[in-house]
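Student: Before I ask anything, here is the structure I am working with.
The values are calculated or read from the model by the stated rules, or taken from the named source; none is laboratory data. Predicted model only: the values in this text are computed from it and were never measured. Heads up, the Cβs are rebuilt from the backbone with ideal geometry, glycines too, and the neighbour counts pull from every protein chain shown. Side chains included, ligands, DNA and RNA excluded: accessible areas come from the protein's heavy atoms. Shrake-Rupley method; radii C 1.70, N 1.55, O 1.52, S 1.80 Å.
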Amino acid sequence: MESLRQLYKIGHGPSSSHTMGPQKAARLFAGRTSERAARYEVTLYGALAATGRGHLTDQAILAELTAVAPAEIVWKPETVLAFHTNGMTFRAFDASGAEFDNWTVYSVGGGDIVEEGQGRNAGPDIYPLTKISDILRHCEQTGKTYWEYVNDCEGEEIWDYLAEVWKVMKAAVERGIEAEGVLPGGLGVRRKAVSYYVHAEGYSKSLKSRGLVYAYALAVSEENASGGLIVTAPTCGSCGIVPAVLYHLHTSKGFSEKRILRALATAGLFGNVVKQNASISGAEVGCQGEVGVACAMAAAAASQLFGGTPAQIEYSAEMGLEHHLGLTCDPVCGLVQIPCIERNAYAAARALDANLYAAFSDGKHSVDFDRIVEVMKQTGHDIPSLYKETALGGLAVIK
């Protein structure tokens, strides 16, 4: 299992699989062909083509390629390549018009790209244990907790990276709760974070707390929808959940920066396990792999901050994912706005509920986190492709 650096990626929205991944691929292809290229052609397939315009896929690719030579995009949503639905083929042509290089690559979620037959790990395997049940057993045997396991595997340098991740998350919250206006894309969706933030101040303590969590999640998700700088946690489409929970607990409960970073490490470990053993790609398993996983990560982080045992932390995460099983990915017009933004706010609140529920327990429960990950993967495969980031079913077809 790879480093948390491959899970928490800092970049611009609105989509890790449709924007960040394709842009990375275009940058790599441009780099290797720049000396001879006179023209580029890029064919987008399946879900990548179906919702690519709404996710700014073409703009992300063209921004990299046209710095070298003219480029065009060919859209083939009806063609789904066998390895993954987010396929793309880059072709480079020389001055005589002859094709001299081509590359088919897949954007598999979280900003990662792989070639056919490759595993999803973009970096070296540094975690010997890849199931939460095994990590939990290790923690119970050694007296350590999840963030200490992360430290043992990653080394002390991971804390500098997580500090940068937290800095970007905080900045996204704070920009988002000040910004107003209509989000780009043509749906006419207005930013709501500032309104929720202001209204929250007028409520009693408990309702104010919930309103602020909503506001913070909306803030980051709206920044993402605007192409702002965010952190994949684990994806762009679900990037508001973990920051909302951590920012709220940091500002309202006074948890220190050091403890927040440890919570980020724990959250990342749970997200990494899902990424390793199932998927975090909405185009592959639906929104359960994005918002569901983010809810699990945030629940685990909150549970740790409130002093949960390793078993209670695992239970929190399990509930966060279990109760999002079957969630479809059906963005209206292919934009990461409806229902994505509202869904982030709701899931952030559910993460705190999962923490509270687990805190009342001894951590013992019937179905463990790893089993839920297996079920999520199978459920994702069983969900018709219509409901997996194609904009052809569900809410996406509402006029």
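Student: If a residue has to be farther than 19 Å from His248 by Cα and under 18 Å from the mean Cα position of the chain (by Cα) to count, how many in region 295-322 make the cut?
Tutor: Selection size over region 295-322: 3.
Student: Name every residue in region 48-62 that is open to solvent by 40 Å² or more (accessible area, probe 1.4 Å) and at pLDDT 95 or above, in order of residue number.
Tutor: Leu62
Student: Now for a separate question. Say we look at region 89-119 and pick out the residues that are open to solvent by less than 20 Å² (accessible area, probe 1.4 Å) and β-branched (Val, Ile, Thr); which of these is modelled with the lowest pLDDT?
Tutor: Val108
Student: Failed condition for Leu335, given (1) over 21 Å from Val273 (Cβ atoms); (2) touching a Gly at 6+ places or on another chain (Cβ under 8 Å); (3) modelled with pLDDT of 95 or more; (4) not hydroxyl-bearing (Ser, Thr, Tyr), with all others met?
Tutor: (3)
Student: Checking the condition modelled with pLDDT of 95 or more and at negative phi, which residue from Leu395, Leu352 passes?
Tutor: The unique qualifying residue is Leu352.
Student: Which residue pairs have Cβ atoms closer than 6 Å, lie 6 or more positions apart in sequence or on different chains, and pair a first residue in region 375-391 that is farther than 13 Å from Leu327 by Cβ with a second residue that is not in a helix (DSSP H, G or I)?
Tutor: Lys377/Ala278; Leu386/Leu392; Leu386/Gly393; Ala391/Thr51
Student: Examine region 175-184 for a residue that is within 21 Å of the chain's Cα centre (by Cα), open to solvent by less than 30 Å² (accessible area, probe 1.4 Å) and over 21 Å from Ala294 (Cα atoms), and state whether such a residue exists.
Tutor: Checking region 175-184: at least one residue is within 21 Å of the chain's Cα centre (by Cα), open to solvent by less than 30 Å² (accessible area, probe 1.4 Å) and over 21 Å from Ala294 (Cα atoms).
Student: Oh, and also: For region 189-268, give me every one of the helices (runs of 4 or more DSSP H) that falls completely inside it and has 1 or more residues that are within 13 Å of Ala301 (Cα to Cα).
Tutor: 241-253
Student: Does region 313-337 hold any residues that are farther than 21 Å from Ala300 by Cα and part of a helix (DSSP H, G or I), and which are they?
Tutor: Val332, Cys333, Gly334
Student: Take the residues in region 4-29 that are open to solvent by less than 10 Å² (accessible area, probe 1.4 Å) and among the aliphatic types (A, V, I, L, M); name whichever of them is farthest from Trp159 (Cα to Cα).
Tutor: The qualifying residue farthest from Trp159 (Cα to Cα) is Ala26.
Student: Right, another one. I need the helices (runs of 4 or more DSSP H) fully contained in region 18-120, keeping only those with at least 3 residues that are under 19 Å from Ile280 (Cβ atoms), of a type outside the set (Lys, Arg) and touching a residue at least 24 places away in the same chain (Cβ under 8 Å).
Tutor: Once the helices (runs of 4 or more DSSP H) in region 18-120 are filtered for at least 3 residues that are under 19 Å from Ile280 (Cβ atoms), of a type outside the set (Lys, Arg) and touching a residue at least 24 places away in the same chain (Cβ under 8 Å), what remains is 21-33, 46-50.
Student: May I ask you to list the residues in region 335-351 that are touching a helix residue (DSSP H, G or I) at 6+ places or on another chain (Cβ under 7 Å) and of a type in the set (D, E, K, R)?
Tutor: Within region 335-351, Arg343, Arg350 qualify.
Student: Right, here's the next one. Scan region 65-77 and give yes if some residue there is under 24 Å from the mean Cα position of the chain (by Cα) and either open to solvent by less than 40 Å² (accessible area, probe 1.4 Å) or under 17 Å from Gln276 (Cα atoms) (or both), otherwise no.
Tutor: No; the residues of region 65-77 include none that is under 24 Å from the mean Cα position of the chain (by Cα) and either open to solvent by less than 40 Å² (accessible area, probe 1.4 Å) or under 17 Å from Gln276 (Cα atoms) (or both).
Student: Restricting attention to region 204-223, which residues are polar (S, T, N, Q) and more than 16 Å from Ala348 (Cα to Cα)?
Tutor: Ser204
Student: Do we find that Phe83 is farther than 30 Å from Gly188 by Cα, modelled with pLDDT of 95 or more and among the aromatic types (Phe, Trp, Tyr) in this structure?
Tutor: Here the answer is no, as Phe83 does not meet what is asked.
Student: Can you work out which of the residues in region 339-382 that are among the β-branched types (Val, Ile, Thr) and crowded, with 20+ Cβ neighbours inside 10 Å is nearest to Ala193 (Cα to Cα)?
Tutor: Ile341
Student: Could you identify the single residue in Ala37, Ala47 that is among the hydrophobic types (A, V, I, L, M, F, W, C) and over 30 Å from Val273 (Cα atoms)?
Tutor: Matching residue, one of Ala37, Ala47: Ala37.
Student: Check off (1) surrounded by fewer than 17 Cβ atoms within 10 Å (Cβ to Cβ); (2) touching a strand residue (DSSP E or B) at 6+ places or on another chain (Cβ under 8 Å); (3) of a type in the set (Gly, Ala, Ser); (4) within 30 Å of Ile341 (Cβ to Cβ) for Ala38 and give me the number that stays unchecked.
Tutor: Checking Ala38 against (1) surrounded by fewer than 17 Cβ atoms within 10 Å (Cβ to Cβ); (2) touching a strand residue (DSSP E or B) at 6+ places or on another chain (Cβ under 8 Å); (3) of a type in the set (Gly, Ala, Ser); (4) within 30 Å of Ile341 (Cβ to Cβ), the one that fails is (4).
Student: Next question. Residue by residue through region 121-169, note down the ones that are among the acidic types (Asp, Glu), in contact (Cβ under 8 Å) with a residue 12 or more places away in the chain and outside any loop (DSSP other than H, G, I, E, B).
Tutor: Glu140, Glu154, Glu164
Student: Let me ask something else. Among Gly240, Gly228, which is open to solvent by 10 Å² or more (accessible area, probe 1.4 Å), under 15 Å from Arg175 (Cβ atoms) and of a type in the set (Gly, Ala, Ser)?
Tutor: Result: Gly228 is the single residue among Gly240, Gly228 that is open to solvent by 10 Å² or more (accessible area, probe 1.4 Å), under 15 Å from Arg175 (Cβ atoms) and of a type in the set (Gly, Ala, Ser).
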